[in-house]
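The next block holds one structure in the form of structure tokens; read it before the comments.
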Amino acid sequence: MVSETYQSKKVCVIGAGPSGLVAARELRKEGHRAVVLEQNHDVGGQWLYDPNVEGEDPLGRTPSLKVHSSLYTSLRLISPREIMGFTDFPFSVKKGRDMRRFPGHRELLLYLKDFCDWFGLRDLIRFNTRVAYVGMLDYYGTSTDDVVGCEDLKWVVRSVDKKTQIVMEEVFDAVIVATGHYSQPRLPSIKGMDAWKRKQMHSHIYRVPEPFADEVVVVVGTSLSGQDISMELVEEAKAVYLSGKSLDISEGLSKVISKHENLHLRPQIDCLQEDGKVLFVDGSSVIADTIMYCTGYSYTFPFLDTKGIVAVDDDRVGPLYEHTFPPSLAPSLSFIGIPRKIIGFPFFESQAKWIAQLLSGKRTLPSRDDMMQSIKELYHSRDVAGIPKHNTHDIAEFEYCDRYGDHIGFPRLEEWRKELCLSALRNADTDLETYRDSWDDHELLQEALQSPHFTQHGAQDFPL
């Protein structure tokens, strides 16, 4: 719904990664006063590579992590650059930089810096600032029903300057949480895990393969990161055992395994034994030096106190209407970047626009009851489909992103963008080692480069 009364709000954005940056841009465009709090020294969020992992808990079991980024040195994008840009700022090739279609992680960081500079966002950001606490103002044990849904709900944000340790407390009209979800390791529960004396680590702190030279390494998880890291380790390690829930693997991974004598596929781990033995559910075993868990990440908001209104339950953040708004606290509290398995940047942009327009009063949300009903229907449909709770926010559906954008008249994903995404997934499925450098979607690529998305800022340099 569209309203005629406009308001300017003071809004705190937590995080200066892709979702936080586009939130700041949209807030300012809508006339709000945005303050972005970023714990690191620069923009980028997950894309700000950090090689210094010494001192980090190898399994990420500490309440607060020192290292935010989970990027490893050699990481390259798994999606072609053409599909990744914000709608009005294409991820174009620049001379003198990484010009590949699937560039290394630094190129995406430079894109985000370009975005930040182009739209003049840097002056909105406070760097080296850790958010310690976010809570509702004047909440003195009042019943939840009295507090929620208040039009004048305000938020106390307590932050710490990491250099001076000075604590600042401020009041905001609204808070947008844009802290990402690729930092807090998600670990399996394996019998004997706590007693196993050798090295165990999560891929969150993996950076380079050289420390694993001549080791026997068990990599747990056959996701893209597990596959990527295994392919890198196999050049240094004595042997790599890739352990997955299913032995039904892609043609691409099968080709890689058949090519390397020291890369082996194994089923799930049954238990770990104190002498270093790793026992698999098929009865086979191996004595390993290191176990690396490539088992994904969990949502965590240690600074956020909503008196239990918003909670994380087995990686289901809820209740959230459209994965964005807690019905009883929206729009003064919102989340950008919760959904996974989407074309991220355009979706974050649509979220940011909707939030900014809700805060200005240009649009309104459905009633609290209607939002809760929508969430119940989502959970029910997921349950019926047999989707585990921890996959609640996995979208994997272009149509959902299009329907989401319809709330604010946001442009639907271009067909070329969808097709290039699918083409890359298919290519990776069949040619895991080469898909980033060898492709057969030249016609689609030309269609993309000649589209308004790429021509809107005038002539650019593109690879053919």
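Among residues other than P411 with Cβ under 11 Å from its Cβ, the summed charge is -2 (Lys and Arg +1, Asp and Glu -1).
Taking all protein chains into account, the per residue accessible area for the stretch 66-209 stands at 46 Å² (1.4 Å probe). Using a probe of 1.4 angstrom and keeping all protein chains present, the accessible surface of the stretch 276-369 works out to 29 square angstrom per residue.
Our summary of shape: the Cα atoms of the stretch 122-280 have principal axis extents of 64, 37, 35 Å, ordered from largest down, in whole angstrom. Scaling the Cα radius of gyration of the stretch 199-293 by the globular reference 2.2 N^0.38 Å produces a ratio of 0.98. The antiparallel fraction among DSSP beta bridges confined to the stretch 27-158 stands at about 75%. Within the shell defined by Cβ-Cβ distances under 10 Å, the residues around E349 carry a net charge of 0, with Lys and Arg each +1 and Asp and Glu each -1. Loop-located GluC sites (Glu not before Pro) in the stretch 355-400 (DSSP state other than H, G, I, E, B) with a sparse environment of at most 16 neighbouring Cβ atoms within 10 Å: E397. Per residue, the convex hull spanned by the Cα atoms of the stretch 286-420 measures out at 165 cubic angstrom.
Straight-distance candidates among the lysines for linking to K10, with alpha-carbon spacing under 21 Å and chain neighbours fewer than 8 residues away dropped: K29, K154, K353, K362. Here the chain carries DSSP beta bridges of which approximately 45% are antiparallel, counting only pairs with both residues inside. Counting only alpha carbon atoms, the long axis of helix 224-233 and the longest principal axis of the chain meet at about 40°. Each peptide in 177-187, 246-256 receives the mean, over its residues, of other Cβ atoms within 10 Å, and ordering these scores from highest gives 177-187, 246-256. Give me the net charge of M201's neighbourhood, meaning all other residues with Cβ under 10 Å from the Cβ of M201; Lys, Arg count +1, Asp, Glu -1. Neighbourhood net charge equals -1.
Only beta bridges with both residues in the stretch 199-293 are counted; by DSSP, about 25 percent of them are antiparallel.
Taking the 1.4 Å solvent-accessible surface of the chain as the whole, the part contributed by carbon and sulfur is 51%. Seen against the Cα atoms of the chain and their longest principal axis, helix 105-118 is set at about 10 degrees. Measure nothing but the geometry: give the 0 to 90° angle between the long axis through the Cα atoms of 18-29 and the longest principal axis through the Cα atoms of the chain, rounded to 10°. Roughly 20 degrees, rounded to the nearest 10.
The values are calculated or read from the model by the stated rules, or taken from the named source; none is laboratory data. What you are looking at is a predicted structure, and each value in this text was computed from that prediction instead of being measured. Glycine also receives a Cβ, built like all others from the backbone with ideal geometry; neighbour counts cover every protein chain displayed. The accessibility values were calculated without ligands, DNA or RNA, using every heavy atom of the protein model including side chains. Shrake-Rupley method; radii C 1.70, N 1.55, O 1.52, S 1.80 Å.
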